[in-house]
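Here is the structure we will look at.
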Amino acid sequence: MNGTNDSSAGVSLVVRGLYKTFGRQKVLNGIDLEVQPGEIFVIMGPSGSGKSVLLKHLIGLERPDAGEVLINGQSIETPEIAAKYRMALVFQSGALLNSLTVGENVGLYLTEHRLKPPAEIARIVAEKLEDVGLQDAVHKMPSELSGGMKKRVAIARALVIEPQLILYDEPTSELDPLSSVVIGNEILDLKRRTRVTSLVVSHDRDLAFGVADRIAVIAEGAILTIGTPEEVKRFNHPLVQEFLRADFKRER
Amino acid sequence: MFRNIGQIVLLFWRTVLALPQLWRQRQKVYEQFFEIGNASLLMVCMLSFFIGGVIALNFGPPLVERSFTNAVGGVVGLAIALELAPVMMAILIAGRIGSAMAAEIGSMRVYQEIDALRTMNINPIHYLVLPRIMAIALALPLLVIFSVMIGWLGGAVVADVNQQMEIPFKAFFADLRDLVTMTDVVKGVLKSFCFALIVGVVSCHQGLTTIGGPRGIGRSVTKAVVNSIVLIVIFDYLLTLLLHLLSP
């Protein structure tokens, strides 16, 4: 995350036997998965299935009770991992710093690590905001933005890091269908341009089947299946089928 | 509170270890410093003037009655320099600035802004805690010096206009100079530096450990202020004892 690795290629991600309990509640119950470099991997599942907690483990914000997360074969808990690989998380809420302008938020990584001179940072910020269609928002405060705009700014902030691994937490939640398509296209476009490894946590079926190279379905802290979108659609498990086919009209 | 003492000490130690980052964070220190000054200066003036006045009003007449007129300036001066200015200003700063720090950092924690910093490999102690603690450690001793002067002025005005005392300005300050030394003022300022560290560390710790939503933030703010005040009072005694031992 510190910008010392010049390689722009995506990294591999391996999760082995991940367990996590909060109090008496088992949230992750033995998660195993592998994500290939440059792949868009989507983790789907109902609310409360442990997706967001898993995501926090993948970037080192949470420590597991057991198991490990490996980035290019190296444990996420090793101190030098942050300096070696560039990783970014796009939070569900955007998690923009409310006391900073949009431009300051997007340039924060470069400013704080003093990676570029101020004029160069301003140029990069403008470029990344243009990439997400928000070039006019540079001087706005986060409180002046809509939910979709906040998420796009969060993506721009992640892009500044030029990540080798980018994690998206529910990138289309609370968004209208048009904004969801914009975000989905951003994810695809970013992969095309930078070969970044992308891991998307979502319960949005349209997004998952629209962008994923592979999908994992998670329920009650365990993975039910992993496969290509077609394989997952065909996977004959009542929970998976119920989740994929849930339909308001059908229920009526 | 006592359950968290270990965490508070650890946060303080981590902040000390982050001191080499101070020059890098100087802009944030300036911003916080001026915010503290802006938010407190007027209140410090009012509070200090009236504290000086009330000390003169309480202790002046009995002393004058017993023919200790020339002790009034010294008693008022000593009480303000050694005790009232450091403690009252620290309590004021805990309520005014410590609460704001706990609320701001707590809100950043609840709304995942601190997690966002961590994912960008930005250490929240360098970015949030160090500038705030340094700013408060710089501002409170200066406010205390200011408060001591205003407090003395308040005492002098009351001693002059009060009919039971009627001590002229010049005589009040001459008496004050007889009893109060520069060491006494330095002792008060030293105490206020320690109180500033307490308010800063306790408030930042409460902010960083905030959980829940708005109610959690409210709880953190209350705890930050109450815990700071309790620790200020306890440390006031301990520091006074230590200073007496070092310079009887």
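The values are calculated or read from the model by the stated rules, or taken from the named source; none is laboratory data. What you see is a predicted model; the values in this text were computed from it and never measured. Because the Cβ atoms are built from the backbone with ideal geometry, glycine has one as well, and the counts that use them run over all protein chains shown.
Structure data summary
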{"quantity": "Complete set of residues in the range A:1-58 that are at pLDDT below 90, loosely packed, with under 14 Cβ neighbours inside 10 Å and at positive phi", "calculated": "A:Gly23, A:Gly48"}
{"quantity": "Residue satisfying all of: in the range B:150-162; aliphatic (A, V, I, L, M) and either in contact with a Lys or Arg (Cβ under 7 Å, 6 or more places away or on another chain) or touching a residue at least 40 places away in the same chain (Cβ under 8 Å) (or both); surrounded by the fewest Cβ atoms within 10 Å (Cβ to Cβ) among these", "calculated": "B:Val157"}
{"quantity": "Tally of residues being more than 14 Å from every other protein chain (Cβ to nearest Cβ) and over 15 Å from the mean Cα position of the chain (by Cα) across the range A:46-68", "calculated": "9"}
{"quantity": "Filtered residues of the range A:108-124 (kept if at the interface with chain B (Cβ under 10 Å from one of its Cβ atoms) and surrounded by fewer than 12 Cβ atoms within 10 Å (Cβ to Cβ))", "calculated": "A:Arg114"}
{"quantity": "Of the criteria (1) away from every other protein chain (no Cβ under 14 Å); (2) farther than 26 Å from A:Glu39 by Cβ; (3) within 16 Å of the chain's Cα centre (by Cα), which one A:Met149 fails", "calculated": "(3)"}
{"quantity": "Residue among A:Ile223, A:Ile218 that is of a type in the set (A, V, I, L, M) and either surrounded by fewer than 23 Cβ atoms within 10 Å (Cβ to Cβ) or within 14 Å of chain B (Cβ to nearest Cβ) (or both)", "calculated": "A:Ile223"}
{"quantity": "Candidate set from the range A:127-149 (those that are assigned to a helix (DSSP H, G or I) and surrounded by fewer than 16 Cβ atoms within 10 Å (Cβ to Cβ)); member that is modelled with the lowest pLDDT", "calculated": "A:Gly147"}
{"quantity": "Helices (runs of 4 or more DSSP H) enclosed by the range B:54-130 - at least 3 residues per element that are within 14 Å of chain A (Cβ to nearest Cβ), surrounded by fewer than 24 Cβ atoms within 10 Å (Cβ to Cβ) and not aromatic (Phe, Trp, Tyr)", "calculated": "B:99-110, B:113-119"}
{"quantity": "Selected residue [acidic (Asp, Glu), within 27 Å of A:Leu110 (Cβ to Cβ) and in contact with a helix residue (DSSP H, G or I) (Cβ under 9 Å, 6 or more places away or on another chain)] from A:Asp213, A:Asp176, A:Asp136", "calculated": "A:Asp136"}
{"quantity": "Residue in the range A:86-98 that is over 20 Å from the mean Cα position of the chain (by Cα), within 11 Å of chain B (Cβ to nearest Cβ) and surrounded by fewer than 18 Cβ atoms within 10 Å (Cβ to Cβ) present", "calculated": "yes"}
{"quantity": "Filter result (surrounded by 13 or more Cβ atoms within 10 Å (Cβ to Cβ) and under 12 Å from B:Asn123 (Cβ atoms)) within the range B:1-23", "calculated": "B:Arg14, B:Thr15, B:Ala18, B:Gln21"}
{"quantity": "So A:Val232, is it crowded, with 19+ Cβ neighbours inside 10 Å and out of contact with any His (no Cβ under 7 Å at 6 or more places or on another chain)", "calculated": "yes"}
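Every residue, every condition in (1) within 14 Å of another protein chain (Cβ to nearest Cβ); (2) modelled with pLDDT of 95 or more, yes or no:
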{"residue": "B:Trp13", "(1), (2)": "no, yes"}
{"residue": "B:Gln21", "(1), (2)": "yes, no"}
{"residue": "B:Gln25", "(1), (2)": "yes, no"}
{"residue": "B:Glu31", "(1), (2)": "yes, no"}
{"residue": "B:Phe34", "(1), (2)": "no, no"}
{"residue": "B:Ala39", "(1), (2)": "no, no"}
{"residue": "B:Val44", "(1), (2)": "no, no"}
{"residue": "B:Phe50", "(1), (2)": "no, yes"}
